[in-house]
Amino acid sequence: QGCDPFAQTQRSKLQHRRARINQQINKEMRMRAGAENLFRATSNHKVKETVALELSYVNSNLQLLKEELEELNSSVDVYQNESESISVPMIPLGLKETKELDLLAPLKDFISEHYGEEAILFEKEIKEFMELRQAMRTPSRNEAGLELLMEYYNQLYFLDSRFFPPTKSLGVFFHWYDSLTGVPSHQRALAFEKGSVLFNIGALHTQIGARQDRATLPGLNQAIDAFQKAAGAFNYLKENFSNAPSLDMSAASLTMLVRLMVAQVQECVFEKMTFLRAQHDFLTQLQLAQEAARVEDVYSLVHQTMTQVHVKDYVPFSWTTMVHVKSEHFKALSHYFAAIALCDCPVPADAELLDHEKAFIQFHITMPEGPSLRVLLQDPEERRKLGKAHLKKAIMKHEEAMRLHGLCKILRKMDILQEVLSFAHKRSLSKYSEIDHEEDFFETGDAPDIHPKTHQKPEIKSPNFSQVKVTDLFHRLGPLSVFSAKNKWYPLRRVHLMRGENGFGFTLRGDSPVLIAGVIPGGCAAEAGLKEGDYIISVNGRDCRWAKHAEVVQLLKSTGEEGVEIGVITL
C-alpha cells in the first residue's frame, strides 16, 4: 500500500505542489519547442515578431516555475522532526514524480505473440503489477515505504526478463520528472524506470534521516543509518546506471549527493560525540575540536562539488549556501573547543603530561608559534594566550557563517539555523570576554587550524535488495530459464505416444521444465518426431512447466493401454 495520495500532510502537500509544477513546466516546454520550430520555419516577418514575443512569455514563465520549484526544494523544515530541542536542519530530497502507465495492452499483446498464451487469462497479474506501480508513487515515510519501493524494484527484474527482449522494444515510454528542476524525461529502457525507483529509495532515506529527533541517542543512530543508506543508494545508482536522460541522475549530481549524505552522517557523528562525551577534560575537548574540523572538511568538499560547472546552476542556491554556512560554523566550533581545552581544563599533573603531549602534538595542522609543547601545556598564561587566538578565529568564522546565512532569502526564514548560529557566536564571545585581561599587551596571534579526525568514519551502505522477498507475478508463464523474453521457441507440438517394449523410447533429465536427454533410434519417441533437447510442458493435458523430474516420470508410468499425449517445445 502507498500513502493515501489525497492525505493532506505537510509533506504530501509539497509533493502535490511538486507534481503540479512539473506538469506546468512540461506544458511550457512543449509550447516553447513548438514556437521555436515555427520561428525557424517561417520567413514572414510579422509571424516572426509574434512568435518571438510568445517565446519571451514562455521563457519568463519557465523561469518563474523554476524559482517556485527551487523554493519547494528548499523547504527543508517540513521534513525535520517536531521535537522541542534545537538541531541544525539537514537537507532532504523530494521524491521524483512519474506519470501513470497503462501496461495492459502492450503486455497482453506480448503474452499472446511471444508466449502463445491466452492473454486474457493474465489480466489479473498485469493489473496487480500496475497497482503496485501506482502505490509506489506515494510511499509512506518509514520502513514500510522503503519496502514498497524495494518490492517494486525487485518486480522490475522479473518484468525485464519476461517482457523486454534485447532486440525489440515494447513500445512503452517511462516518464519521470527531474527531482530538482522538474524537467520531464522519458525513455523506453526499463533501466530508466529502475534507476528512478532507486533514486526515490535514496530520497526516502534522506527524508527519514531528516525527521529523526537528534537530541536523543537512538534518534542520532537512526539518522546516521538513514543518511548512510541514502549515500549507498545514490552511489549504487551512479555505478550501475549510466546515460540516464535526467540531470538528477547524472554522474556529477550523484557524486554531489553522495558527498552531501556523507557530510550529514559526519555531522550526526559529531552530535553523537557531544552527546556521549559530557566530561570536560582536556582530551575530550581536543577530540570534539577534531571531530568538528572533520565535519568542516567534508562540508567544504560538498561546497566545492556544488559550485562546479555542471552542478552549480542546478543545485538550489539555499543548499549551496547552507553547506557553506555549515563548513564555516563547524570550523568556528573546532577553534572554540580548542580554546575550551586550553583555558577551562586544569594544567596536567605529571602523570597525565605525556598523554596530553601526545594528543597535542597531532592536534594542529602546523605547530603553534612560541614555547615548546611541554612548556605551553604547563604554563597557564601560555595556554590562555593560545586559547585566546583560537577564540578570535572562532568568532571570525561564526561571523562569516552568519553573514553567508543572511545572503540567502530562504535560509533567513529558517529560524532554527539562525538560533544555532547566534547561540554559538554568543557563547564564543562571552568566553573571549571572560579570558581577555585589560592588561593584555601582547598581539593575539593567528591560531593554526586543527587537524581533522573522526572516531567513526561514515559507511556508504549499498541497498540490500534481497531483504524484501518477492514472487514473480507472472510465474504462470513458466520457469524463467526457458520462458523469458530473450528465448524463442517453435510452437507447442502435441505428440501421442504408445508404450513399446523399451518404454517410450526416450530418457529424461532436469527439473522445471523436464528435458528429453536422449531419444532411442527406432523407438516410439523417435517415430513421433521427438528430439533431444525438447522440453516437456504437458502430460495428458496437465501443465508440467514447473514439474519436478520424479513427477513427470510418475505421470508417464501411470498411463495405460491408450498411450499418452505430451506437449513439447523446441528452443
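Quick check on region 313-326. Is at least one of its residues farther than 26 Å from Leu407 by Cα, in contact with a helix residue (DSSP H, G or I) (Cβ under 9 Å, 6 or more places away or on another chain) and in contact (Cβ under 8 Å) with a residue 40 or more places away in the chain?
Within region 313-326, not a single residue is farther than 26 Å from Leu407 by Cα, in contact with a helix residue (DSSP H, G or I) (Cβ under 9 Å, 6 or more places away or on another chain) and in contact (Cβ under 8 Å) with a residue 40 or more places away in the chain.
In region 394-420, which residue that is part of a helix (DSSP H, G or I) and basic (Lys, Arg) is least open to solvent (accessible area, probe 1.4 Å)?
Result: Lys397.
Somewhere in region 218-239, is a residue outside the structural domain of Ser300 (by the TED database), in contact with a Gly (Cβ under 9 Å, 6 or more places away or on another chain) and of a type in the set (D, E, K, R)?
Yes; the residues of region 218-239 include at least one that is outside the structural domain of Ser300 (by the TED database), in contact with a Gly (Cβ under 9 Å, 6 or more places away or on another chain) and of a type in the set (D, E, K, R).
Condition check ((1) acidic (Asp, Glu); (2) part of a loop (DSSP other than H, G, I, E, B); (3) outside the structural domain of Glu151 (by the TED database); (4) surrounded by 10 or more Cβ atoms within 10 Å (Cβ to Cβ)) across all residues:
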site: Ser422; (1), (2), (3), (4): no, no, yes, yes
site: Arg427; (1), (2), (3), (4): no, no, yes, yes
site: Lys431; (1), (2), (3), (4): no, no, yes, yes
site: Glu434; (1), (2), (3), (4): yes, no, yes, yes
site: His437; (1), (2), (3), (4): no, yes, yes, no
site: Gly445; (1), (2), (3), (4): no, yes, yes, yes
site: Pro448; (1), (2), (3), (4): no, yes, yes, yes
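Out of Tyr299, Tyr336, Tyr314, report the one residue that is assigned by the TED database to the domain that holds Pro448 and not in a helix (DSSP H, G or I).
Tyr314
Can you tell me how many residues within region 70-101 are acidic (Asp, Glu), surrounded by fewer than 21 Cβ atoms within 10 Å (Cβ to Cβ), out of contact with any Leu (no Cβ under 9 Å at 6 or more places or on another chain) and modelled with pLDDT of 60 or more?
2
Going by what's in this entry, would His390 be described as surrounded by 15 or more Cβ atoms within 10 Å (Cβ to Cβ) and touching a Phe, Trp or Tyr at 6+ places or on another chain (Cβ under 8 Å)?
yes
Quick check: anything in region 263-284 under 30 Å from Val183 (Cα atoms), touching a helix residue (DSSP H, G or I) at 6+ places or on another chain (Cβ under 8 Å) and open to solvent by 30 Å² or more (accessible area, probe 1.4 Å)?
no
Return the pairs, sorted by first residue and then second, in which the second residue is open to solvent by 20 Å² or more (accessible area, probe 1.4 Å), the first residue lies in region 116-134 and is at positive phi, the beta carbons are less than 9 Å apart, and the residues are 6+ apart or on different chains.
Qualifying pairs under 9 Å: Gly116/Trp489; Gly116/Pro491; Gly116/Leu492.
Which numbered condition trips up Val183, out of (1) at pLDDT 90 or above; (2) more than 21 Å from Pro139 (Cα to Cα)?
(1)
Does any residue of region 403-416 turn out to be in contact with a strand residue (DSSP E or B) (Cβ under 9 Å, 6 or more places away or on another chain) and at pLDDT 85 or above?
No: region 403-416 contains no residue that is in contact with a strand residue (DSSP E or B) (Cβ under 9 Å, 6 or more places away or on another chain) and at pLDDT 85 or above.
Among the strands (runs of 3 or more DSSP E) contained in region 460-554, which hold 1 or more residues that are touching a residue at least 24 places away in the same chain (Cβ under 8 Å) and surrounded by fewer than 14 Cβ atoms within 10 Å (Cβ to Cβ)?
493-497, 506-509
Residue by residue, here is whether (1) β-branched (Val, Ile, Thr); (2) open to solvent by 10 Å² or more (accessible area, probe 1.4 Å) holds:
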| site | (1), (2) |
| --- | --- |
| Ala189 | no, yes |
| Lys194 | no, yes |
| Ile201 | yes, no |
| Leu204 | no, no |
| Leu217 | no, yes |
| Ala223 | no, no |
| Phe227 | no, no |
| Ala230 | no, no |
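The values are calculated or read from the model by the stated rules, or taken from the named source; none is laboratory data. Everything quoted here is computed from the prediction, not taken from an experiment. As a convention, Cβ positions derive from the backbone with ideal geometry for all residues, glycine included, and neighbour counts pool all protein chains shown. Just the protein is used for accessible areas: all its heavy atoms, side chains included, with ligands, DNA and RNA removed. Shrake-Rupley method; radii C 1.70, N 1.55, O 1.52, S 1.80 Å.
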